[in-house]
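Some notes on the structure that comes next.
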Amino acid sequence: MSRTPTPPASRRWYALALIALAQFMVIMDTSIIGVALPKMQADLGFTQERLSWVFNAYVVVFGGLLLLGGRLSDLLGARRVFSLGWIVLAAGSLAAGLASDAAVELTGRAVQGVGAALIAPSALTLLMMLFGGNPKELMKAFAVYGAAAPAGGTAGVFLGGVITEYASWPWVFYINLPIAALAVAAAPALLPGGAGTRGSIDAIGALLATLGLGGAVFAIVRAPEAGWASPQTWGALVAAAVLLAAFLAVQAKRREPLMPPSIFRVPDLGAANLAQLLLGAAWIPMWFFLNLYLQQVLGYSAFPSGAALLPMTALIMVGMVVVAPRLTDRFGPKAMIVTGLVLLAAGLGWLALVRPDGTYAADVLPASLVAALGMSLAFIPSLRTAISSARPEQGGLASGIVNTSYQIGSALGLAVVTAVAVPFGADEVGDPAALTSGFSAAFIAAAAIALAAALAAAATLRSRRRDLVEAA
């Protein structure tokens, strides 16, 4: 990662606001479509089983190209890639908003994913360039940046509700256009420049990773409809495995690979990324099915459904900015990651008790707050551990890997949990009892993922507080 003079101290915090806005927006684009899904389904002809591809088309491309985005950030300069990403995101948003059928909608979402894959790692690289020389300021910057991700996810649900209720679903995409214009205009004044470093771009590796991950998600999503033992399911799984194996083989042989295998020999980097992957795999299915429960079982319209999740957003903001950094400094990242994941599992297990005739106050609010607290405690220390473990010149790569872990975990987690939920009735629209049974199964599956994440973190993480401070 190239080192260039950073802006004055006061301007650096404005730069952090722009970086946090970028993270907020790319994550919000995963969730803002949640409340709009039923209307999009009716207008564009999606089936209940394939509706999750409105989410997956974005996340699979986003996650699959994040390593490439991180590499481009190191090679071409983080600010240049950051601005380019916003332009691509805006183009995809326009296409998704104008879509008149499912194919165009999914294409627009995929283009949005390309833009997000350029924005996210370059934003994190810019944060390290701005604050990496001061460990105390870096921890504050990580707290703000970290809060922007899950806050964007839950706030997107609320904004999606407002937009869907009072405008129309295409505006959940059009909202990106003025924000993209603002970000591109502000970047030269606020963000550090730099020409990057010399090197090659592993386009073949990026293609293999994206196709392999996409094939795995496709197989899992289609399995409930085609059958787990069907040739279609196993063919897709085998193809995905071959593509991912080819990706690893290419990485091992290339002089300048997209993801050097040696990077995972860095202490705690692999463990922290596993925690991020499983965290996304548990968290994203929760809000996806919680939205459907609020609308399809409790009968909430778009705006009340989005507003119902605002308490989660508020708790996440406070937890990540105020509580998590202080507790991490006192008890160390490992303790907080494990504790947060256990709390997330507990909240998801509580949500599994939802009833067909339930209420928001009894069935949703308390359990969702426990889950949100767990998320806020686990996300920041696992993110910091993953980024701080890498060498400075690998900042873009490390940010690409950790973003990839979370996004691919989100896509695979949603695919797995959907596959679990559908046989229990999650596709029986119009039958509240069957839907509730399916949604309950989804929350149980997500809780199992969060609990597995806690056990994995307890077994694999070695970081202590002073190690993290020294690495920063």
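The table below lists the values:
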| quantity | calculated |
| --- | --- |
| Rounded to whole Hz, the Karplus (6.51, -1.76, 1.60) HN-Hα couplings of the range 133-146, x for glycine and proline | x, 10, x, 5, 5, 4, 5, 5, 5, 4, 5, 5, 4, x |
| Calculated FRET value between Asn134 and Ser262, using beta carbons and R₀ = 35 Å, to 0.05 | 0.75 |
| The range 203-253: radius of gyration over Cα atoms, expressed as a fraction of 2.2 N^0.38 Å | 1.21 |
| Whole-Å semi-axes of the ellipsoid equivalent to the range 101-171 (Cα gyration tensor, √5λ, descending) | 32, 17, 7 |
| Debye intensity ratio I(q)/I(0), log10, the range 286-375, q values 0.13, 0.19, 0.25 Å⁻¹ (C-alpha model) | -0.46, -0.84, -1.22 |
| Order of Asp74, Asp427, Asp29 under a 10 Å beta carbon neighbour criterion, fewest first | Asp427, Asp74, Asp29 |
| Pairwise centroid distance, computed over Cα atoms, of the range 205-239 with the range 102-137, Å | 26 |
| Helix-only mean residue ellipticity at 222 nm for the chain, each DSSP H run of n ≥ 4 adding -39500 (n - 2.57), per residue, nearest 500 | -26000 deg cm²/dmol |
| Phi-based couplings in Hz for the range 309-315 (Karplus 6.51, -1.76, 1.60; Gly and Pro marked x) | 9, 4, x, 4, 4, 4, 5 |
| Descending Cα extents along the principal axes, the chain, whole Å | 60, 44, 43 |
| C-alpha long axis of helix 395-421 to longest principal axis of the chain, angle in ° | 10 |
| For Trp228, Trp350, order by how many other beta-carbon atoms lie within 10 Å, fewest first | Trp228, Trp350 |
| Integer Hz, Karplus 6.51/-1.76/1.60 couplings in order for the range 235-242, x for Gly and Pro | x, 5, 5, 5, 4, 4, 5, 5 |
| Sequence-separation-based contact order of the chain, relative, with Cα cut under 8 Å and 6+ spacing, percent | 23 |
| Order of Lys39, Lys334, Lys253 under a 10 Å beta carbon neighbour criterion, fewest first | Lys253, Lys39, Lys334 |
| Relative contact order computed over the range 203-253 (Cα-Cα under 8 Å; 6+ residues apart), in percent | 48 |
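Taken together, the values in this text are just the output of simple stated rules run on the coordinates, not laboratory data. Just so you know, these numbers come straight off a predicted model, no measurement behind them. Here the Cβ is made from the backbone with ideal geometry for all residues, glycine too, and neighbour counts use every protein chain on show.
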